[in-house]
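Just so it is clear, none of the values below were taken in a lab; they were calculated from the coordinates. Since the structure is predicted, the reported quantities are computational estimates derived from the model, not experimental observations. Here the Cβ is made from the backbone with ideal geometry for all residues, glycine too, and neighbour counts use every protein chain on show.
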Amino acid sequence: MPRYLRLVLGIAVAASVHGCVGLGAWTLGTRTESSEQPKIEQIRGAINLRKADTDTNLKTAGELRTRWGEPDQIEQRDDGKEEWIYSTGGLRWSGMVLYLVIVPLPAMLPVGSQSVSFVVHEGRIEQATRRDWAFKAGAYCGYFGMMYGKLSCGTGTFEERQGGTE
């Protein structure tokens, strides 16, 4: 093979790596986060559970219904409260992703839909919960620039990296 062709092929392979070269395995599954003082955004399904509520934020079920519309589902709980469920589109996934050199090999199954729910009692919002999917834990060895930004080997959870909890 001519030298210039090997150089072009090498550049093409390097450009297709997308920041990751090595071996790794990650699990993924449902992430559930809750807050008693969420910041409820104008767009249906958009909610910030880590930013504290302000005095101008929604407090009542009526305000929520005006902003986001009717919930997709209302469930009566045993404690007399209601859970208003808003589908946010998309699926929740569970499974594993193996990463071999530059090729990700996903083995995932959909396990439900993503949603935001509110516990409503006597017309007031008491709690908000978001259910979606996230990478949970993994092990890697190589350069994984998009997640770790360096050449190394290790294990860990994504909650540790992002400062969140489940």
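Close amide-amide hydrogen proximity is noted between W133 and R31, W93, each under 5 Å apart and 5 or more residues distant or on a separate chain (H modeled in the peptide plane; Pro and chain starts excluded).
In this structure, the amide hydrogen of Q127, modeled 1.01 Å from its nitrogen in the peptide plane, lies closer than 5 angstrom to those of V119, counting only residues at least 5 positions away or on a different chain.
Taking 22 Å as the straight-line reach from the Cα of K136, the lysines in range (excluding those fewer than 8 positions away in the same chain) are K150. Using only side-chain charges placed at the Cβ, +1 for Lys and Arg and -1 for Asp and Glu, the dipole size of segment 18-162 relative to its Cα centre rounds to 620 debye. Normalised by the number of residues in segment 18-162, the mean separation of alpha-carbon contacts (under 8 Å, six or more apart) gives a relative contact order of 33 percent. Ignoring lysines fewer than eight residues from K81 along the same chain, the ones with Cα atoms less than 30 angstrom from its Cα are K39, K51, K59.
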